[in-house]
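The values are calculated or read from the model by the stated rules, or taken from the named source; none is laboratory data. Just so we're clear, the structure is a prediction, and the values are computed from it rather than from any experiment. Counting neighbours? That spans all protein chains shown, and the Cβs are built from the backbone with ideal geometry, glycine included.
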Amino acid sequence: MRSKQGIVANMEDVNRNQKKDIRLIGKFVEVYCAGKQHAAEHTQVVLPAGLGERSLCPECAAFLQYAVRKRLNCPLEAEKPTCKHCRIHCYDKTHREKVREIMSYSGRKLMMRGRLDYLWHYLF
Ligand code: SF4
Ligand SMILES: [Zn+2]
């Protein structure tokens, strides 16, 4: 049986922009994990605020949980730049390199599938 891992946040504490970004990063990580054929047994990552679940290998599951926690705790929420253009960059070096790899890989995949809508929202 697959395990489930959730990210705890109160529904009312998650604003519209956070939801949009969390939905987006979840999609990009899922496309990356499936495309790279990460074979380890998958975990269901339960996103906060009723944003659904993503089926991921343990490494991608851990990455997504990190990214969601960062997004929920963004210290620049009031001005919220795109993470790509952020003056702080709250991710550590390893996760920052990883998110770039994921966004670039999945961005290309989604573009090939004609999902140009995602590209307008590139996070990194
Ligand atoms: S990278 Fe910058 S904008 Fe993105 S979550 Fe971290 S502090 Fe906020
Ligand atoms: Zn994976």
### Summary
If we ask which residues in the range 52-93 are over 17 Å from LYS19 (Cα atoms) and either loosely packed, with under 12 Cβ neighbours inside 10 Å or within 16 Å of ligand 2 (Cβ to nearest atom) (or both), their number turns out to be 14
### Summary
Per the list (1) aliphatic (A, V, I, L, M); (2) over 14 Å from the mean Cα position of the chain (by Cα); (3) under 28 Å from LYS80 (Cβ atoms); (4) within 13 Å of ligand 2 (Cβ to nearest atom), residue check on VAL31 breaks on (2)
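Residues are listed down the side, and each one gets a yes or a no for (1) more than 14 Å from ligand 1 (Cβ to nearest atom); (2) in contact with a helix residue (DSSP H, G or I) (Cβ under 8 Å, 6 or more places away or on another chain); (3) at pLDDT 95 or above:
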residue: LEU56; (1), (2), (3): yes, yes, yes
residue: CYS60; (1), (2), (3): yes, yes, yes
residue: ARG69; (1), (2), (3): no, no, yes
residue: HIS89; (1), (2), (3): no, yes, no
residue: LYS93; (1), (2), (3): no, no, yes
residue: MET103; (1), (2), (3): no, yes, no
residue: ARG108; (1), (2), (3): yes, no, no
#### Entry: Subset of the range 87-124 (residues that are touching a Lys or Arg at 6+ places or on another chain (Cβ under 9 Å), without any contact (Cβ under 8 Å) to a residue 40 or more places away in the chain and over 20 Å from ALA34 (Cα atoms))
HIS89, CYS90, TYR91
